Amino acid sequence: MDKNITMSQKEIKKYDIIKKLINKELNGGEAAELLNLTSRHVRRLKKKVRQHGIKGLIHGNRDETGNRNMPDKERKTIIALLREHYHDFGPLLASEKLDERHNIKRDKGTIRSIMIAEGLWQPRRKKKEKHRQWAPKKSKRRRNDTI
């Protein structure tokens, strides 16, 4: 099963230059200069393109879910509990109660972002600070104003 590959203009340009390098239309130093990379890194890219083709330039984690991504089921559970029991709590207290009563251990920042997204909590607006102003310059007094 071959998936379509989506590439940015920058990646396409990089591939074209590496292909020219492989076809010996450019040398390593010229390619490095054009790509604004070191010659060592260009050699690495050249090796990857030879082994994997155009896919060698694409990051291995593209289209993967992040390590910190919360499963949808757990997120829905948290939202349901927040709506039912903790709708008038702040993020810190809500996260403590979720841990204490429901054994759901999530950071207060995570609970905060969920509560904001669901409209259960609004962050306080920051007060505008008055900027300090310099005191007006004092007039210069001379000791002997006689001429």
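Quick note: the coordinates plus some simple rules give every number you see, no bench work behind them. Computed from a prediction, not measured in an experiment: that's the story for all the values here. With ideal geometry, Cβ positions are generated from the backbone for all residues, glycine too; neighbour counts draw on all protein chains shown.
Quote the charge dipole size of the stretch 72-117 about the Cα centre in Debye, to the nearest 20; the model charges only the Cβ of Lys and Arg (+1) and of Asp and Glu (-1).
Working: 10 positive and 8 negative charges, 25 e Å.
Taking the Cα centre of the stretch 72-117 as origin, the dipole is about 120 debye.
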With DSSP loop assignment and no more than 12 other C-beta atoms within 10 Å, the GluC sites (Glu not before Pro) in the stretch 63-109 are Glu64
The lysines whose Cα lies under 29 Å from the Cα of Lys3, excluding any fewer than 8 residues away in the same chain, are Lys13, Lys14, Lys19, Lys20, Lys46, Lys47, Lys48, Lys55, Lys73
Placing +1 on the Cβ of each Lys and Arg and -1 on the Cβ of each Asp and Glu in the chain, which of Leu81, Ser95, Pro71 has its Cα farthest towards the positive end of the resulting dipole?
Ser95
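Once you have the Cα-Cα distance between Met70 and Thr6, take 0.36 nm times their residue separation minus that, and quote the gain in nm to one decimal.
Here the answer is 20.4 nm.
Please report, largest first and rounded to whole Å, the three semi-axes of the ellipsoid equivalent to the chain, where each semi-axis is the square root of five times an eigenvalue of the C-alpha gyration tensor. Please report the intermediate quantities before stating the final value.
Details: eigenvalues 504, 374, 27 Å².
Taking √(5λ) for each eigenvalue gives 50, 43, 12 Å, largest first.
Taking the Cα centre of the stretch 9-57 as origin, work out the dipole magnitude from +1 charges on Lys and Arg Cβ and -1 charges on Asp and Glu Cβ, in debye rounded to 20. If you can, show how the numbers build up before the last one.
Values: 14 positive and 5 negative charges, 63 e Å.
That gives a dipole near 300 debye.
By per-residue mean of other Cβ atoms within 10 Å, what is the highest-first order of 85-94, 130-139, 46-55? Let's see the in-between values first.
Values: 85-94: 16.3, 130-139: 5.7, 46-55: 13.4.
Per-residue Cβ counts within 10 Å, averaged per peptide and sorted highest first, yield 85-94, 46-55, 130-139.
Let me know the charge dipole size of the chain about its Cα centre in debye, to the nearest 20, where only the beta-carbon of Lys, Arg (+1) and Asp, Glu (-1) is charged. Could the numbers behind the result be given before it?
On the way: 40 positive and 19 negative charges, 278 e Å.
That gives a dipole near 1340 debye.
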Rank the residues Met70, Met7, Met115 as a footprinting-exposure proxy: fewest other Cβ atoms within 10 Å of their Cβ go first.
Met70, Met7, Met115
